[in-house]
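Below is one structure, written out as structure tokens; the observations come after it.
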Amino acid sequence: MKESTKKEIFSWMKSLAFAFIIAFICREFLFSPTTVFGESMSPTFLDQEKVVISKTAGIQRFDVIVFNAPDVEDKKYIKRVIGLPGDRIGMKDDILYINGEAFEESYLKENKADNPFNKLTGDFELQEVPKGSLFVMGDNRLNSKDSRHIGFIPYESVIGEVKFRFYPFKAIGIPK
């Protein structure tokens, strides 16, 4: 083999190795694609939609996050953050109260319009979200296994915040 051919092959191998290392670092520490499973976030996210999550975003109230399921090994859930550490959460007559203040949940309008029952969310009241934990709920309140059932979510189990939907193509973009 010619010396120039060897140099060319070596150059390509270095470039490919560098690209794989960069891709690995980005996927492990910055962002990652994932698939939505189930209908608990419907209509915001539907079953089998593909999203990108940011692993560096600071979590705020009403962000949609992906986390390791506390009740099923090797499973991930996607839910909306409702309560941060120290928050008192309550629901009365389908109105969300955080620290005594009522919040409108505009992302529930479609579910409320299609609801054959009187309410989407049963009434409840929590004393306080513990330090280092989150209270999460799915947008499809009638069909969501969330903090009402599985308890508070530790920050350590959060994989990242949903930042972008890339499939299906007709819904591509930044989620609302």
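Couple of notes before you dig in:
- Restricting region 146-176 to residues that are without any contact (Cβ under 8 Å) to a residue 60 or more places away in the chain and in a helix (DSSP H, G or I) leaves a set whose member that is surrounded by the most Cβ atoms within 10 Å (Cβ to Cβ) is Arg148.
- Ile78 fulfils the conditions (1) part of a loop (DSSP other than H, G, I, E, B); (2) among the aliphatic types (A, V, I, L, M); (3) buried (at least 16 other Cβ atoms within 10 Å of the Cβ) except for a single criterion, (1).
- Checked against the criteria, Leu134 counts as in contact (Cβ under 8 Å) with a residue 12 or more places away in the chain, closer than 18 Å to Gly151 by Cβ, assigned to a strand (DSSP E or B) and not aromatic (Phe, Trp, Tyr).
- Qualifying residue in region 66-81 (condition: among the aromatic types (Phe, Trp, Tyr) and either in contact with a Pro (Cβ under 6 Å, 6 or more places away or on another chain) or modelled with pLDDT under 90 (or both)): no
- Count of residues meeting criterion [acidic (Asp, Glu) and crowded, with 21+ Cβ neighbours inside 10 Å] in region 128-145: 1
- Filtered residues of region 42-72 (kept if under 17 Å from Phe169 (Cβ atoms), within 13 Å of the chain's Cα centre (by Cα) and not charged (D, E, K, R)): Phe45, Leu46, Val51, Val52
- When Lys109, Lys176 are screened for being of a type outside the set (Phe, Trp, Tyr), within 14 Å of the chain's Cα centre (by Cα) and closer than 16 Å to Met41 by Cβ, only Lys176 passes.
- Any hit, region 132-141, residues being aromatic (Phe, Trp, Tyr), within 17 Å of Ser40 (Cα to Cα) and at pLDDT 95 or above: yes
- Residue count, region 47-58 (criterion: modelled with pLDDT of 90 or more, in a loop (DSSP other than H, G, I, E, B) and either of a type in the set (Asp, Glu) or surrounded by 15 or more Cβ atoms within 10 Å (Cβ to Cβ) (or both)): 2
- When every residue of region 102-118 is checked against the conditions, at least one turns out to be assigned to a loop (DSSP other than H, G, I, E, B), surrounded by fewer than 19 Cβ atoms within 10 Å (Cβ to Cβ), among the polar types (S, T, N, Q) and in contact with a helix residue (DSSP H, G or I) (Cβ under 8 Å, 6 or more places away or on another chain).
- Residue in region 82-93 that is acidic (Asp, Glu), under 20 Å from the mean Cα position of the chain (by Cα) and exposed (fewer than 11 other Cβ atoms within 10 Å of the Cβ) present: no
The values are calculated or read from the model by the stated rules, or taken from the named source; none is laboratory data. Computed from a predicted structure; not experimentally measured. Cβ atoms come from the backbone with ideal geometry, glycine included; neighbour counts cover every protein chain shown.
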